[in-house]
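Peer 1: This is the structure, below, for whatever I ask next.
The values are calculated or read from the model by the stated rules, or taken from the named source; none is laboratory data. Not measured: the values here are computed from a predicted model. Ideal geometry is used to build each Cβ from the backbone, glycine not excepted, and the neighbour counts take in all protein chains shown. These accessible areas exclude ligands, DNA and RNA; they are computed on the full protein's heavy atoms, side chains included. Shrake-Rupley method; radii C 1.70, N 1.55, O 1.52, S 1.80 Å.
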Amino acid sequence: PIFMVDRVLELEEGRKIRTLKNITVNDVHFLGHFPDYPVFPGVLTIECFAQAASILIRSTEGSAVKGVFDAIGTVMDFRFLKPIFPGDQLEVHMTMTKTVGPNRIFEGKGYVTDEEVASGKFLIGKLRLP
């Protein structure tokens, strides 16, 4: 498993969550992204946001049903404003803004030392395994 949340800093069930991810140079993805200029991959930044949203959903709705998982349905208007480097602490703020059936809409922002580095909206839905 890939854990992209090191700590939950704040949680308001059904509303918002604030999490922390420590970006360490020991992470294997820095071997190739990029060898002489390590930058935290954008796709993993998005995963940090999605996992924070999933923690909020689970804390609000309780345990997951066997064979049903929270999954990214749509990533909307995601912007990378500044690169994230080893040694940074990525603080993710996610707010659940809307519920449509089994789907949840989230807005999120990521910060490194109080400076916004990424933002976007997500639809997180239920994925049923066959």
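Peer 1: Kindly provide the set of residues from the stretch 1-50 that are among the β-branched types (Val, Ile, Thr) and within 19 Å of residue 96 (Cβ to Cβ), ordered by number.
Peer 2: Correct list: 5, 8, 17, 19, 46.
For every residue, the table says whether it meets (1) surrounded by 12 or more Cβ atoms within 10 Å (Cβ to Cβ); (2) outside any helix (DSSP H, G or I).
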residue: 14; (1), (2): yes, yes
residue: 48; (1), (2): yes, no
residue: 51; (1), (2): yes, no
residue: 82; (1), (2): yes, yes
residue: 87; (1), (2): no, yes
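Peer 1: Return the pair list, or none, for Cβ contacts closer than 7 Å from residues in the stretch 60-86 that are in contact (Cβ under 8 Å) with a residue 12 or more places away in the chain to residues that are open to solvent by 100 Å² or more (accessible area, probe 1.4 Å), at least 6 apart or on different chains.
Peer 2: Cβ pairs passing all conditions: 60/13; 67/128; 68/128.
Quick grid of which residues meet (1) out of contact with any helix residue (DSSP H, G or I) (no Cβ under 7 Å at 6 or more places or on another chain); (2) modelled with pLDDT of 90 or more; (3) among the hydrophobic types (A, V, I, L, M, F, W, C):
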{"residue": "9", "(1), (2), (3)": "yes, yes, yes"}
{"residue": "12", "(1), (2), (3)": "yes, yes, no"}
{"residue": "26", "(1), (2), (3)": "yes, no, no"}
{"residue": "43", "(1), (2), (3)": "yes, yes, yes"}
{"residue": "50", "(1), (2), (3)": "yes, yes, yes"}
{"residue": "63", "(1), (2), (3)": "yes, no, no"}
{"residue": "67", "(1), (2), (3)": "yes, no, no"}
{"residue": "74", "(1), (2), (3)": "yes, yes, no"}
{"residue": "79", "(1), (2), (3)": "yes, yes, no"}
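Peer 1: OK, next. How about the stretch 98-125: which of its residues are open to solvent by 70 Å² or more (accessible area, probe 1.4 Å), assigned to a strand (DSSP E or B) and touching a residue at least 24 places away in the same chain (Cβ under 8 Å)?
Peer 2: 115, 121 - these are the residues of the stretch 98-125 that are open to solvent by 70 Å² or more (accessible area, probe 1.4 Å), assigned to a strand (DSSP E or B) and touching a residue at least 24 places away in the same chain (Cβ under 8 Å).
Peer 1: Separate question: Can you tell me which residue within the stretch 19-34, out of those that are out of contact with any Pro (no Cβ under 9 Å at 6 or more places or on another chain) and part of a loop (DSSP other than H, G, I, E, B), is least open to solvent (accessible area, probe 1.4 Å)?
Peer 2: The extreme case among them is 32.
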